[in-house]
Amino acid sequence: MKRNSLSSFYVSLWLLFTAVILQAVESAKGKYAHMLFNELFENYSNALRPVEDTDKVLNVTLQITLSQIKDMDERNQILSAYLWIRQSWYDAYLKWDKDKYDGLDSIRIPSDLVWRPDIVLYNKADDDFSEPVNTNVVLRYDGKITWDAPAITKSSCVVDVSYFPFDSQQCNLTFGSWTYNGNQVDIINSLDSGDLSDFIEDVEWEIHGMPAVKNVITYGCCSEPYPDVTFTLILKRKSSFYIFNLLLPCILISFLAPLGFYLPADSGEKVSLGVTVLLALTVFQLMVAEIMPPSENVPLIGKYYIATMTMITASTALTIIIMNLHHCGSEAKPVPQWARVVILDYMSKIFFVYDVGENCTSPKREKEEECKLEGGNGCQRRHKEVKSHLSNRNDNPDLKEKLNGNLNRSYGVHGANVRETVNCCSCYKMLIKNIEYIANCVRDHKANRAKGIEWKKVAKVMDRFFMWVFFIMVFFMSVLIIGKA
């Protein structure tokens, strides 16, 4: 127990001694730092380029670290980013012998006390031309100055939305000196690309690289070369949000539009469904137009909306035409022979369209079953027998002879009842005429009704035909858009 207490006492004593020594060293370095600062900046001017020979080029090393993408404004084509800009150069007038200052090799001073290169963002799109942040610079004993400054930049970016929402963008950040040419200040890339190690992941964009390229350009105003460094930010849009909020609802609405052909014509909702779907797609089209730049490049989803709206407009127009066919009625002309063969005989079987009022599961009418049981022409033969019986009663000679014989006998035997017999025969004749008139009216009514039923069946077949045509069009259009993206 005594040994443990002694050892802990020695350790605490050693720690106390070390802390006192370090405090003394720090205070000594602080004194040397003040002395160094006063001597360095006694006759120093930050207005001139810090080189001993004015013909010598001052090299500035530039490094960009991307921290965050704040916003990508596609409509105004502006990229807002949070950057860390590191610049380093050598100042020929800010050197010292660190042995004279107790090994002090670096100090940190305000950046406005030293000369700084006027490197700016060439493609800046911000209205605020404020000065850079006056952070401290690190000054080393050999004259090397390192300046780290954060900056929120707004740069112009040419946005190509042809494949929105599956698009990729390339935004350039061009940095260069505003007044010094290449013979005075030269810019050197610190790395071959921007630093993305501290990048905060964005919810809308993926970063696929930030390569850096040095350019030397001679402008028309001056004969001297002007170097700059261009960082190309390669962005890939995360399309999940737009798929579930813009593309998928449009696809579902598009598949709903052809079902208007399946609605019964007597429901009165065929045209209303087409107009409602068209208005819904118009709302989505306006939403896309609000976020896209007003350029000639129509986005992919916009093309899909326009194609779908055109298709729905065509389907609504065809629905109106088919409804006119459905409501032709008995006053219309008979169905042409080619339409009877092509539509009623062949297309109705292909699209499983039966007579109006029937479907594939309902039983046949009893009269048709009786006709099939009696034979192909059983019903027609029975109809002809009734018709001939009614129509030929007036022309039957046997009936006339019987009536005349009865009249003669009645006249010979019962002369008083002749007038009653003649009146009875005339009643029979009137009754036959009335029956023939009723039969002709019923026959004409059935013919007109059959004509209207044929037109309704033609309309129903055309409805089914266009329904499948538009379903196939919507399917292939959706596959084509997704495959192209």
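The values are calculated or read from the model by the stated rules, or taken from the named source; none is laboratory data. Predicted, not measured: the structure shown is a model, and the values here were computed from it. Counting neighbours? That spans all protein chains shown, and the Cβs are built from the backbone with ideal geometry, glycine included. What goes into the accessible areas is simple: the full protein's heavy atoms, side chains included, and nothing from ligands, DNA or RNA. Shrake-Rupley method; radii C 1.70, N 1.55, O 1.52, S 1.80 Å.
Here are the numbers for the structure shown:
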item: Long-range amide H partners of residue 164 with built H, under 5 Å; result: 300, 301
item: Label-to-label distance, nm, for residues given as residue 199 and residue 345 (7 Å Cα→Cβ offset); result: 7.0 nm
item: Protein accessible area in segment 30-237, 1.4 Å probe - carbon and sulfur %; result: 47 percent
item: FRET efficiency for residue 122 and residue 92, using Cβ-Cβ distance with R0 set to 22 Å, rounded to 0.05; result: 0.20
item: Net charge of Cβ neighbours under 15 Å - reference residue 316; Lys, Arg +1; Asp, Glu -1; result: -1
item: Mean projection area, nm², convex hull over Cα of segment 30-237; result: 13.8 nm²
item: Segment residue 142-residue 191, extension gain: residue separation times 0.36 nm, minus the distance between their alpha carbons; result: 15.4 nm
item: Loop-resident sites, segment 257-312, for chymotrypsin sites (Phe, Trp or Tyr not before Pro), counting at most 14 other Cβ within 10 Å (DSSP); result: 262
item: Violating pairs (Cα-Cα greater than 22 angstrom) within the set 56/98; 349/456; 56/154; result: 56/98; 56/154
